[in-house]
Amino acid sequence: MKNREMVSRLLKARYLVIIKGYSQKEVSKIVGVSEKTMSTWSKKYKWNDVITRDVKNLGGLNVFMELFFMYVNDTSPEQQKTVMNLWYGFLKSYEKQIE
């Protein structure tokens, strides 16, 4: 699997777990990765910490994220590629911040 495809799956999984509240088991089937991969992502990117911290501060964030992903899904492949490049950069910087 290509790196960008895996990042796309990671982002969708993160959105479904953190914003939508799906279980990791449900999301693993939706995005097409193993439950072990879901567990690895959850630990590596500290999703439980994010959920705990951000639940208090969600406000309109969940609405914003839903609208953002709806927008991305309705854009051209070239625009989606641009957005994925930005997200990939964000994930890399986020990963450095939490280490």
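Whole-Hz ³J(HN,Hα) for each residue in region 28-34, computed from phi via Karplus 6.51 cos²θ - 1.76 cosθ + 1.60 with θ = phi - 60°, x for glycine and proline: what do you get?
Per-residue couplings from phi come out as 4, 6, 5, 8, x, 10, 6 Hz.
Could you check the simple spin-label distance between Glu5 and Thr82, using points 7 Å along Cα→Cβ, in nm with one decimal?
It works out to 2.5 nm between the two label points.
Just so you know, all these numbers are worked out from the coordinates, no wet-lab data involved. Computed from a prediction, not measured in an experiment: that's the story for all the values here. Cβ sites come from the backbone with ideal geometry, for glycine too, and all protein chains shown count toward neighbours.
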